[in-house]
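Below is one structure; the comments refer to it alone.
The values are calculated or read from the model by the stated rules, or taken from the named source; none is laboratory data. The structure presented is a predicted model; accordingly, all values stated were derived computationally and were not measured. For neighbour counting, all protein chains shown are included, and Cβ atoms are generated from backbone atoms with ideal geometry for every residue, glycine included. Side chains are part of the model used for accessible areas, which takes the heavy atoms of the whole protein and leaves out ligands, DNA and RNA. Shrake-Rupley method; radii C 1.70, N 1.55, O 1.52, S 1.80 Å.
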Amino acid sequence: MARVISDGTAPLRTDGKLSSADLHLLSGSGLAHVTHFLQAAPDGIEGSERSMVATRNPAITHGMADSGGYQASTGVLKLTERRQHDMFRFSEAMNSAAILDGPTSSITNPKSKLRSLADCMRFTESNALYAIQHRVPGKTKLLNVSQGRSRKESEEWLEAVSKFSDPKIYGERALDGWAIAGAARLHFSIQLRNLIVLRENGLLRNGAPIHVLGTGHPEVACALSAVQSGLQKTIGEDIQVSFDSATPFIMAGKYKKALGVPTLNRKGLQMTIAQMPHGDIYVGSDHPWPVSSPFANRLDLGDLNVRKGDPKSAWDTLSHVLIAVHNVWVMCRAIALVNHRLSLPSPNRNLWLPPRIVELAEIIQEILVRENSHTMIDQHQVLLDMLQHKSRNTKLLEDYGDADR
């Protein structure tokens, strides 16, 4: 996507309707502006100097680098000394970056070189030390990573890697924040226990970024906003909790699907999904898209279907990009709307959001500000873990790419 749109100056076949400048999500002058984004470090070092990320407006965007740990652990990425160096320097050019870790989800992958929890922890600890030794203090915020496929593994993992975030041990080179992966991503009973332990041990500081890897559901957004609110009340206003999702891009690139008008009310938070028309019959068509956005409203089906007679597809690369930017806009707008409704006074938020989601958000905040937090987590575990299936759930967002973290 970044290569097609480039720096916003490259000519496109949709010029006159949509230019590359219109599609540039990180410039601040396109049809939509994304303030926060994530790019995997292995992709970053292969990118052009004219890519969307390279030509972003740094004054109004916050970039995070993902480590590429999953790709490295499964052999997709050949991790040479030179490549590790280049990936780390790319990461330091971002506002924040997760260290290179060994995801525990790779243990069951037959292609993975990491066959046990111990293997994953050794790989991660080695790379944490690499980051601490090679970082330029203050240049970017480096995030330690929590993994683990269960509460037991997550706690064992945290005990092993927490030292890398301790300024008493590593001074100004200590890791700054946390990236949350594995079971703690959506099992909030695990996530909250871990965050409380880190807070009690002085390893969550004001200004520390906390990022949950690979999830993008509106329900999860509500829960994470509650986590952020609870931490801000107990640590400081500069704590920020973020998350990322590849779903808009995977839906467009792999499945030719677009997000439709979301249903966001007391009955549920759901995104409608449209299979976009494709095939020779639509080449040259002036029929509108079956979905709406500032991007979709300028285009017709003939702008997607341009290769008549092509045995593989009537779409070209730009076709997938057009769907992707549309999906990003719809998804970001939906999440912004549910977060706004969650911020309403209690009686009003209950009119606009599912009661169970409101209850979850309220319990999360209460747990983070109460003294008997561990007892409350035990009492409300079923509620806290109600979103655990969202990584592989296909009803809401058909979340096709985020489960591997």
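Which of the residues spanning segment 312-340 are in contact with a Gly (Cβ under 6 Å, 6 or more places away or on another chain) and closer than 16 Å to S19 by Cα? Break it down stepwise before answering.
Of the residues in segment 312-340, the ones in contact with a Gly (Cβ under 6 Å, 6 or more places away or on another chain) are 314, 320.
Hit for segment 312-340 is H320, nothing else.
Taking segment 237-272, which residues are over 24 Å from W289 (Cα atoms) and open to solvent by less than 10 Å² (accessible area, probe 1.4 Å)?
Correct list: I239 only.
Anything in segment 108-122 that is out of contact with any helix residue (DSSP H, G or I) (no Cβ under 7 Å at 6 or more places or on another chain) and open to solvent by less than 50 Å² (accessible area, probe 1.4 Å)? List them, or say none. Can you show your working first?
Of the residues in segment 108-122, the ones out of contact with any helix residue (DSSP H, G or I) (no Cβ under 7 Å at 6 or more places or on another chain) are 108-111, 118-119, 122.
N109, A118, D119 - these are the residues of segment 108-122 that are out of contact with any helix residue (DSSP H, G or I) (no Cβ under 7 Å at 6 or more places or on another chain) and open to solvent by less than 50 Å² (accessible area, probe 1.4 Å).
Which residues, counting only those in segment 194-213, are in a loop (DSSP other than H, G, I, E, B) and either over 15 Å from W178 (Cβ atoms) or charged (D, E, K, R) (or both)?
R205
Of all residues in segment 56-82, which are open to solvent by 20 Å² or more (accessible area, probe 1.4 Å), more than 17 Å from the chain's Cα centre (by Cα) and under 19 Å from L38 (Cα atoms)?
Once the filter is applied, which keeps residues that are open to solvent by 20 Å² or more (accessible area, probe 1.4 Å), more than 17 Å from the chain's Cα centre (by Cα) and under 19 Å from L38 (Cα atoms), segment 56-82 yields R56, N57, P58, A59, I60.
Given the structure, is R199 in contact (Cβ under 8 Å) with a residue 60 or more places away in the chain and of a type in the set (D, E, K, R)?
no
Restricting attention to segment 277-289, which residues are open to solvent by less than 50 Å² (accessible area, probe 1.4 Å) and either of a type in the set (V, I, T) or in contact (Cβ under 8 Å) with a residue 60 or more places away in the chain (or both)?
Matches in segment 277-289: V283 only.
Do we find that A32 is over 15 Å from the mean Cα position of the chain (by Cα) and touching a residue at least 24 places away in the same chain (Cβ under 8 Å) in this structure?
Answer is yes for this residue.
Would you call E92 in contact with a Phe, Trp or Tyr (Cβ under 8 Å, 6 or more places away or on another chain) and either at pLDDT below 95 or acidic (D, E) (or both)?
Working: in contact with a Phe, Trp or Tyr (Cβ under 8 Å, 6 or more places away or on another chain): no; either at pLDDT below 95 or acidic (D, E) (or both): yes.
For E92, the condition - in contact with a Phe, Trp or Tyr (Cβ under 8 Å, 6 or more places away or on another chain) and either at pLDDT below 95 or acidic (D, E) (or both) - is not met.
Scan segment 156-171 for residues that are in a helix (DSSP H, G or I) and over 23 Å from the mean Cα position of the chain (by Cα) and jot them down.
Initial filter on segment 156-171 (in a helix (DSSP H, G or I)): 156-165, 167-171.
Of everything in segment 156-171, those that are in a helix (DSSP H, G or I) and over 23 Å from the mean Cα position of the chain (by Cα) turn out to be E156, E159, A160, K163, F164, P167, K168, I169, Y170, G171.
Could you list all residues from segment 55-95 that are within 18 Å of I180 (Cα to Cα), assigned to a loop (DSSP other than H, G, I, E, B) and touching a helix residue (DSSP H, G or I) at 6+ places or on another chain (Cβ under 9 Å)?
Hits for segment 55-95 are S67, G68.
When you scan segment 230-276, how many residues do you find that are more than 19 Å from the chain's Cα centre (by Cα) and either part of a helix (DSSP H, G or I) or without any contact (Cβ under 8 Å) to a residue 12 or more places away in the chain (or both)?
Of the residues in segment 230-276, 7 are more than 19 Å from the chain's Cα centre (by Cα) and either part of a helix (DSSP H, G or I) or without any contact (Cβ under 8 Å) to a residue 12 or more places away in the chain (or both).
From the list G171, G177, which residue is of a type outside the set (K, R) and open to solvent by less than 20 Å² (accessible area, probe 1.4 Å)?
G177
Given the options R341, R356, R307, name the one that is open to solvent by 70 Å² or more (accessible area, probe 1.4 Å), touching a residue at least 12 places away in the same chain (Cβ under 8 Å) and in a helix (DSSP H, G or I).
It is R356.
Identify the single condition in (1) open to solvent by 10 Å² or more (accessible area, probe 1.4 Å); (2) under 30 Å from P262 (Cβ atoms) that T234 does not satisfy, given that it satisfies every other one.
(2) is the only condition that T234 fails.
Scan segment 23-37 for residues that are crowded, with 22+ Cβ neighbours inside 10 Å and either in contact with a strand residue (DSSP E or B) (Cβ under 7 Å, 6 or more places away or on another chain) or of a type outside the set (A, V, I, L, M) (or both) and report the count.
Residues that pass the stated criteria total 3.
Identify, please: which residue in segment 9-22 is touching a Lys or Arg at 6+ places or on another chain (Cβ under 9 Å) and modelled with pLDDT under 90 and is, among those, surrounded by the most Cβ atoms within 10 Å (Cβ to Cβ)?
A10
Is it the case that L129 is within 14 Å of A98 (Cα to Cα), open to solvent by 20 Å² or more (accessible area, probe 1.4 Å) and at pLDDT 95 or above?
yes
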